[in-house]
Amino acid sequence: MPSVAIVPAAGRGERFGGMKLAAMLRGEPLLSHTLRCLLDGGVDQIVLVTTTGAELSHVALAADPRVRRTVNPEPSRGMFSSIQAGLAAADGDPILILPGDMPFVEAQTVSTVLAEARRCGGIVSPSHQGRRGHPIALPARLKASILDAPAGSTLASLLDAHEQDRVSVEVDDPGVSKDVDVVSDLK
């Protein structure tokens, strides 16, 4: 079965001042870096979760045939609702979760997480210097329970409920725990 990544990108980026995923980083929109690391790391397809009417013409990789877009009808519910919307449109195993505002993750980390997820069949999180981060790989067998989770659920609560199935893989990539919340995070 092909691997798939869910990229939640339906947030408003209020702390950033809006238009966060379009912010330029090393000559490209921030979202391009996130999509590229997944594709270069070996993910077969990506489900990019946006809001209704999200304009992504400036993100060339959003038009890549391996990237499908879906809309989160309730983005005000938070990132878990975007994960659910992405999973509803996804078919693959393993399923990686990488928020759109994490442009510093390296492709090698994605490859490492994919390989470990295929080897162990469980939940895999990369860890840098003992700190867990993203992308998180989930086995397809968890898809139904995530889709059926109540509205107030979070990814953290789901992971806590399956801690016995969770494996951490140490990587030399500080990007696994670096997201962009404010403009100064781009430096």
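Let me spell out the model: positive unit charges on the Cβ of Lys and Arg, negative unit charges on the Cβ of Asp and Glu, origin at the Cα centre of the range 4-181. What dipole size does that give, in debye rounded to 20?
On the way: 17 positive and 21 negative charges, 37 e Å.
Charge dipole, the range 4-181, about its Cα centre: 180 debye, nearest 20.
Positive end of the charge dipole of the range 4-181 (Lys, Arg +1 and Asp, Glu -1 on Cβ, about the Cα centre): tell me which of L87, F104, L25 has its Cα farthest that way.
L87
Using 7 Å Cα-to-Cβ label points, what is the A115/A156 separation (nm, one decimal)?
Reported label-point gap for A115 and A156 is 3.1 nm.
Counting only other residues whose beta carbon sits under 13 Å from that of F16, what net charge do I get with K and R as +1, D and E as -1? Numbers along the way, then the final one.
Working: positive: R12, R15, K20; negative: E14, D101, D179, D181, D185.
Taking every other residue near F16 into account, the sum is -2.
Starting from the Cα of E55, step 7 Å along the direction of its Cβ; do the same at V167; then give the gap between the two resulting points in nm.
4.5 nm
Identify all lysines with a Cα-Cα distance to K187 below 29 Å; exclude those on the same chain that are fewer than 8 residues away in sequence.
K20, K178
On full extension of the chain, what length is gained from D44 through E28, given 0.36 nm per residue of separation minus the C-alpha to C-alpha distance? Could you put the intermediate results ahead of the total?
On the way: separation 16, 0.36 × 16 = 5.76 nm, distance 2.22 nm.
Length gained between D44 and E28: 3.5 nm.
Using Cα pairs closer than 8 Å and at least 6 residues apart in sequence, work out the relative contact order for the chain, in percent. Spell out each step's value before the answer.
On the way: 381 pairs, mean separation 48.0, N = 187.
Taking the mean separation of contacting Cα pairs over the length of the chain, I get 26 percent.
So what's the net charge close to S127: Lys and Arg +1, Asp and Glu -1, counting the other residues with Cβ under 10 Å from its Cβ? Working shown, then result.
On the way: positive: R131, R132; negative: E170, D173.
Result for the neighbourhood of S127: 0.
Candidates (1) 55, 37, 33; (2) 39, 35, 31; (3) 40, 40, 34; which is the computed Cα extents along the principal axes in Å?
Here Cα extents along the principal axes in Å agrees with entry (2).
Quick check: net charge around E170, other residues with Cβ under 12 Å of its Cβ, Lys/Arg +1 and Asp/Glu -1? Kindly include the intermediate steps, with their values, before the conclusion.
Numbers: positive: R131, R132; negative: E116, D172, D173.
Taking every other residue near E170 into account, the sum is -1.
A short reminder: the numbers here are calculations on the coordinates, not readings from a lab. Every value quoted in this text rests on a predicted model; they were computed, and no experiment measured them. We place every Cβ from the backbone using ideal geometry, glycine too, and count neighbours over all the protein chains shown.
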